[in-house]
Every structure is written in C-alpha cells, then in structure tokens.
Amino acid sequence: MATFPIRVFGDPVLRQETEEITDVDGAVAKLAKDMIDTMYAAPGVGLAANQVGVERRMFVYDVGDGPGVVINPRLVESSGEWTYEEGCLSVPDLSWPIVRPRQVRLVGVGLDGEQLDVEADELLARCFQHEVDHLDGVLLIERLDPARRKEALRVLRQRALGDPAGAAAAAAGLLG
C-alpha cells in the first residue's frame with residue numbers, strides 16, 4: 001500500500017488549476033490506486049490529484065459505495081441547495097456549514113477510458129463539487145462568507161506560525 005503526504009493549506013500546488021490527462025495509461029492507474037490508499041489512510045471521502053502534489057485533472061472518491069476514479073471531470077448541471085458541514089483533508093481538523101447545490105451532473109472519463117456521465121445528489125454531489133473545486137485551484141475556505149473566511153485564515157495563520165494554543169483558541173471561537 002503506497003500513500004502520499006497530503007498537501008495542506010499554504011502549499012501553492014493547491015491554488016493551481018490542474019492540467020487535463022491526455023492518455024489514460026498504467027501510470028494513471030497506479031496514481032489512482034495510490035491516491036485511493038492515501039484517501040482511506042487519511043481518512044477521507046475524496047482526494048484530488050493536486051492534494052498529493054500531482055497537477056493533473058483527476059480525483060478519487062468513496063462515499064460508502066466503494067472507490068471511484070474520475071479523470072478530467074466537469075460539472076455540467078446543478079440544481080437545488082443543501083447546507084452541510086464540510087471539511088477538507090488539506091485544511092485538517094476544521095469544518096464549516098457550506099451551501100452547495102444538492103444535485104449535480106458530472107462528466108469525465110473512467111480508468112477504462114470510457115466516458116462517465118453521473119447524476120449525483122447530496123453527499124456524492126458535494127464530494128464531486130469539492131474535488132472539482134480542488135482541481136480548479138479553489139479551496140474550501142473560499143466558499144465561506146467573508147467573516148468566517150477571515151476567522152478561518154486567522155486560525156490557519158496561527159497554525160503555520162507554530163502557535164497551537166492561539167490556533168486552538170481561534171478554532172474554538174470559529175467552531176463555537
């Protein structure tokens with residue numbers, strides 16, 4: 001079982017838009033397997049390639065029905081609205097109520113090279129949106145309202161400066 005270190009807030013790779021994969025080959029299949037191992041070890045329900053430092057347009061996921069891989073995903077439809085407490089492996093130990101569409105339609109390519117066209121709702125739809133955001137260089141904190149985003153950035157800055165007590169106090173205020 002090979003796992004990668006997960007890149008966290010502050011790593012510039014998380015802000016980069018990823019490049020499409022042009023050839024679904026054995027290297028892509030190995031990357032997918034290693035990403036699935038990393039996602040399970042974290043543990044998480046989704047993981048985008050740039051979260052492990054690979055700037056390619058691919059993510060893996062498992063919301064309880066077994067692992068899946070989507071290459072070159074695009075969200076082509078969305079509807080409804082759903083607020084849900086959402087976290088991120090790249091912003092560890094923090095989560096916020098985030099409003100996103102309840103249903104989405106995602107298209108992309110599977111590991112077998114076949115076209116995918118998936119209609120999803122609730123948790124699966126949220127996972128797809130979250131991972132596509134990563135591939136577009138968008139982090140979860142950008143989905144927060146301005147006041148919460150300011151507090152989240154304060155917590156993350158204090159963590160980066162090695163002030164665990166200040167980060168814990170700020171996080172308690174943010175979460176409380």
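The values are calculated or read from the model by the stated rules, or taken from the named source; none is laboratory data. This structure is a prediction, so every number in the text was calculated from the model and none was measured. A quick note on method: Cβ atoms are made from the backbone with ideal geometry, for glycine too, and the neighbour counts reach across all protein chains shown.
Worth pointing out:
- When the criteria are applied in full, I98 fails the requirement of being in contact with a Cys (Cβ under 9 Å, 6 or more places away or on another chain) and over 28 Å from K30 (Cα atoms).
- Qualifying residue in segment 14-21 (condition: in contact with a Ser or Thr (Cβ under 9 Å, 6 or more places away or on another chain), among the basic types (K, R) and within 20 Å of D136 (Cα to Cα)): no
- Residue match in segment 120-128 (condition: at pLDDT 95 or above and part of a strand (DSSP E or B)): yes
- E17, sole failed condition from (1) within 14 Å of the chain's Cα centre (by Cα); (2) over 20 Å from G110 (Cα atoms); (3) modelled with pLDDT of 95 or more; (4) surrounded by 13 or more Cβ atoms within 10 Å (Cβ to Cβ): (4)
- Residues (more than 23 Å from P43 (Cβ to Cβ) and surrounded by fewer than 16 Cβ atoms within 10 Å (Cβ to Cβ)) located in segment 64-82: R74, V76, E77, S79, G80, E81
- The residues of segment 129-148 that are in a helix (DSSP H, G or I) and under 22 Å from N50 (Cα atoms), listed by number, are Q129, H130, E131, V132, D133, H134, L135, L140, I141, E142, R143.
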